[in-house]
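Report on the structure given below.
The values are calculated or read from the model by the stated rules, or taken from the named source; none is laboratory data. Computed from a predicted model, the values in this text were never measured in an experiment. FYI the Cβ positions are ideal-geometry reconstructions off the backbone, even for glycines, and counts take in every protein chain you see. The protein model used for the area step is the full one, side chains on, heavy atoms only, and it has no ligands, DNA or RNA in it. Shrake-Rupley method; radii C 1.70, N 1.55, O 1.52, S 1.80 Å.
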Amino acid sequence: MATAGQVIKCKAAVCWAPKQPLSIEEIEVAAPKAHEVRIKIVAAGVCRSDDHVLQGAISNMKFPVILGHEGAGLVESVGEGVKDLQPGDKVIPLFMPQCGQCRCCINPDSNLCYKNDIGKYNGVLLDNTTRFTCKGKPIHNFMSTSTFTEYTVVPDIAVAKIDEDAPLDKVCLIGCAFSTGYGSAVNVAKVKPGSTCAVFGLGGVGLSVIIGCKVAGASRIIAIDINSDKFEKAKEFGATECINPKDYDRPIHEVLAGMTDDGVDYAFEVIGNTGVMISALLSSHFGAGKAVIVGVAPSDATITFDPLLLLTGRVLTGALFGGWKSKDDVPKLVSDYMNKKFDFDGLITHKLPFQKINEGFELLRKGESIRTVLTM
Ligand code: COD
Ligand code: ZN
Ligand code: ZN
């Protein structure tokens, strides 16, 4: 492409500091260095972790920063040594990279990678610098991705090539929400056909857990939320029953025990609330129930429970990004979507032009949207 090797000027949503709206600015995006890829972002999802930063909930975040970790686009150019990607390829940036070489990457049972920036939030690429500048100031990256910009640069271990026919304004959800929920059911819990599942929290991720339970052949999927407005969508995606804890004067695990001959086979916490994590554990059957933590609790939170709960056979587990090894599995998830193994289009409740990104966050905070997809 004509722009290869040059600095690109484009629009980006810059987060100068928390607790203020994002600001659409003209930025400069430097050419990719060795083992980096410059991507023209076509669509980006407004996700919960971005909002956590905006609300000031992440204490070690570096500012200014370009947020966004859910997106899809086209390769504009590649740095030296990039073998698997070419200009024009359709891609999804990966907030959980896969270097293929570290202790986690070589373990088939782990999907983490030591080269991730989650929780550390150094906000730089692997050579400790960033490719973004605005008004003469360097701007940090976010979780190896930074998708709230017309162009971004990511390490080649943090981008997956996908089917050339994939609709980018849909499959961008495979970059975070859908894969996280769906994988929690099919990979992490390994839901079995005929089983009974309980899903606590019916946001975009919880609804994707429901999709996974259904694809895995669960015969009962009990959806739980304190907001009954969420039940219609939950049923659309496969929930067989919906319950609101506010409608009962006893603990929800007792209600579930009564409904399920003493507890569910699989319980998912998809909120990030430690109390609900314990409820999920208590709701799972004492002999072999599995409770899966999907939500991230506030950084200083801890949980306490009677170890006997595990001694009798329950399992408590969790994973990020649904347990998927990102670079290997994201292309397969896109193919499965194209082959109609599942459908998550209904998660996208709103579409907005990129410039209206702050409206997208308002909709998320008010609980009016499941997912807003921004198109550049
Ligand atoms: N009991 C039942 N339901 C509740 C309760 C409660 N006590 N509190 C809230 N809820 C419901 C809300 O009404 C809402 O419907 C739902 O729980 C939460 O939905 P959202 O829209 O806030 O959340 P999602 O689905 O977009 O995301 C949920 C996560 C748990 C994944 C997210 O918040 C999180 O913890 N993300 C970090 C985990 C992760 O993998 N991050 C990677 C990048 S996001
Ligand atoms: Zn996310
Ligand atoms: Zn690795």
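Arg103 sits among other residues whose Cβ lies under 13 Å from its own Cβ, and their net charge, with Lys and Arg +1 and Asp and Glu -1, is 0.
Comparing Cα centroids, region 242-309 and region 134-213 end up 24 angstrom apart.
What fraction of the Cα pairs in region 244-320, stated in percent, has a spacing above 15 angstrom? Tail fraction, whole percent: 54. Looking at region 101-256, the pairs of alpha carbons with a distance over 22 Å make up 57% of the total.
Dipole magnitude for region 224-376: computed about the Cα centre from +1 point charges on Lys and Arg Cβ and -1 point charges on Asp and Glu Cβ, it is near 600 debye. The residue list Ser326, Gly181, Cys197 was ranked by how far each Cα lies along the charge dipole of the chain toward its positive end, using unit charges on Cβ atoms, and Ser326 comes out on top.
Computed about its Cα centre, the charge dipole of the chain is approximately 500 debye, with only Lys, Arg, Asp and Glu carrying charge at their Cβ. From most to least packed by mean Cβ count within 10 Å, the peptides 311-321, 145-155 give 145-155, 311-321. Normalised per residue, the accessible area of the chain is 42 Å², obtained with a 1.4 Å probe and no contribution from ligands, DNA or RNA. With all protein chains in place and a 1.4 Å probe, the accessible surface of the chain carries 51 percent carbon and sulfur. Annotation: the antiparallel percentage among DSSP beta bridges lying fully within the chain is about 55. The ratio of the alpha-carbon radius of gyration of the chain to the globular-protein estimate 2.2 N^0.38 Å is 0.98. Each of Val209, Thr372, Cys102 was scored by the projection of its Cα onto the charge dipole of the chain, and the greatest displacement toward the positive side belongs to Cys102; charges sit on the C-beta of Lys, Arg, Asp and Glu. Using the Karplus relation 6.51 cos²θ - 1.76 cosθ + 1.60 with θ = phi - 60°, the per-residue 3J(HN,Hα) values for region 208-217 come to 6, 4, 4, 4, x, 4, 5, 4, 6, x Hz, with x marking Gly and Pro. In the chain, the calculated helix contribution to ellipticity at 222 nm averages -6000 deg cm²/dmol per residue, counting -39,500 (n - 2.57) for every DSSP H run with n ≥ 4.
Once you've got the Cα coordinates, tell me which of Lys11/Lys115; Lys115/Lys290; Lys190/Lys214; Lys190/Lys327; Lys190/Lys340 are over 18 Å apart. Violating the 18 Å Cα-Cα cut-off are Lys11/Lys115; Lys115/Lys290; Lys190/Lys327; Lys190/Lys340. How large is ³J(HN,Hα) for each residue in region 302-317, as worked out from phi by the Karplus curve 6.51 cos²θ - 1.76 cosθ + 1.60 (θ = phi - 60°), to whole Hz, x for Gly and Pro? Here the 3J(HN,Hα) series is 9, 10, 10, 8, 5, x, 4, 4, 8, 4, 7, x, 5, 10, 10, 8 Hz.
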